[in-house]
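Beneath this line is the structure, given in structure tokens, with notes to follow.
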Amino acid sequence: MTQTLLFACDLSAENRAAFARAIRLANENGARLDVIHVLDPYLPRRVLHDLEEAVVADMQAILTDVREDYALPEPSVLLQTVAGATYAEIIREAHDREVDMIVLGAHRKRGQPDLVAGTTLARVLRSAPCPVLSATQPANRDWQEILVPVDFSLASRNTLREALKRFPEARLTLLHAWDIPGERELGSDNDYARWRDREVERLRCQLERETDQLIGELDSVPEVELVLEQGEPLEVLLTRLRRQPPDLLALSSRGQLGRHSHITEALLAEPHCDIMLCRAW
């Protein structure tokens with residue numbers, strides 16, 4: 001069955017990097033690229049009819065320009081407009097077309113995590129039936145280094161499975177942030193230090209077993225490295241992104257943005273790389 005990628009085009013200059021990445025992914029995966037633009041449903045019917053033709057023409061012109069800028073062949077592509085609430089129509093079209101991935105441009109309110117929750121990107125993440133890619137980097141940048149934060153959750157396992165399956169030629173770094181009670185009070189005590197080291201090693205073994213189990217389900221897998229670092233998960237992740245930014249961050253999307261997904265909000269507000277967000281299961 002041919003894969004289908006869905007790209008939501010808003011005709012803006014900021015959207016071009018994501019458009020180029022969507023074209024490249026479609027070519028590399030032999031997928032059909034469905035490009036949609038969501039129109040205001042409250043416009044008069046005659047205006048909507050005229051606007052549809054103009055928008056499709058603009059999408060075709062942008063498609064041609066982006067392909068020429070990045071020297072990309074044209075994939076099998078379908079350009080369409082739909083009318084409705086932007087985030088709702090993107091989700092509806094993703095379900096109706098049974099797409100394998102949704103590609104969107106970046107959240108524009110950079111540096112403002114508290115404003116992420118109400119954006120189209122955040123609303124799509126809450127209900128998307130498939131992985132969602134937020135693309136900001138030039139499409140000629142290969143995804144060779146992929147960072148995957150991991151823990152013992154169902155969401156984390158699903159995200160790791162997606163990354164292993166989708167990028168068999170890449171190098172995956174699995175990052176786990178750990179913290180053990182008593183470090184501040186007893187960190188200098190020799191007996192405590194030995195106990196802590198045993199616990200961290202036990203944690204590493206558990207993560208390695210879970211990773212090996214997922215790898216065993218696949219025919220072809222990428223190179224994988226497991227890294228354990230002490231600290232609060234968001235700080236550990238942000239430090240890693242600043243020190244050694246990957247080409248792609250594969251992240252679990254959990255629950256309602258604006259309630260307890262502060263990691264996701266911070267990363268969407270200030271992206272250091274392209275981000276693939278995966279549903280919890």
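Within segment 132-148, can you find the residues that are open to solvent by less than 10 Å² (accessible area, probe 1.4 Å) and in a loop (DSSP other than H, G, I, E, B)?
Pass one, segment 132-148, residues open to solvent by less than 10 Å² (accessible area, probe 1.4 Å): 132-135, 139, 146-148.
Hits for segment 132-148 are Ala135, Ala139.
When you scan segment 263-281, how many residues do you find that are in a loop (DSSP other than H, G, I, E, B), modelled with pLDDT under 90, open to solvent by less than 60 Å² (accessible area, probe 1.4 Å) and more than 14 Å from Thr159 (Cβ to Cβ)?
Going through segment 263-281 one residue at a time, the tally reaches 2.
Pull up segment 149-170, narrow it to residues that are among the acidic types (Asp, Glu) and over 22 Å from Ala94 (Cβ atoms), then point me to the one that is most open to solvent (accessible area, probe 1.4 Å).
Applying the first criterion (among the acidic types (Asp, Glu)) to segment 149-170 yields 151, 162, 169.
Cutting the leftovers down to over 22 Å from Ala94 (Cβ atoms) gives us 151, 169.
Working: Asp151: 49, Glu169: 154 Å².
Checked segment 149-170; the qualifying residue most open to solvent (accessible area, probe 1.4 Å) is Glu169.
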- request: For segment 14-33, indicate whether the set of residues that are modelled with pLDDT of 95 or more, buried (at least 17 other Cβ atoms within 10 Å of the Cβ) and part of a strand (DSSP E or B) is non-empty.
  value: yes
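Rundown of residues vs (1) under 22 Å from the mean Cα position of the chain (by Cα); (2) closer than 26 Å to Asn29 by Cβ; (3) surrounded by 18 or more Cβ atoms within 10 Å (Cβ to Cβ); (4) at pLDDT 90 or above, yes/no style:
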position: Leu172; (1), (2), (3), (4): yes, yes, yes, yes
position: Val200; (1), (2), (3), (4): no, no, no, yes
position: Gln230; (1), (2), (3), (4): no, no, no, yes
position: Leu237; (1), (2), (3), (4): yes, no, yes, yes
position: Asp247; (1), (2), (3), (4): yes, yes, no, yes
position: Ser261; (1), (2), (3), (4): yes, no, yes, no
- line: Note on segment 1-59: residues acidic (Asp, Glu) and free of Cβ contacts under 8 Å to residues at least 24 places away in the same chain are Glu28, Asp50, Glu53
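The values are calculated or read from the model by the stated rules, or taken from the named source; none is laboratory data. Being a predicted model, the structure only gives us computed values, none of them experimental. When we count neighbours, we look across all protein chains shown, and the Cβ atoms used for this are built from the backbone with ideal geometry, even at glycine. Surface areas here come from the heavy atoms of the whole protein model, side chains and all, with no ligands, DNA or RNA. Shrake-Rupley method; radii C 1.70, N 1.55, O 1.52, S 1.80 Å.
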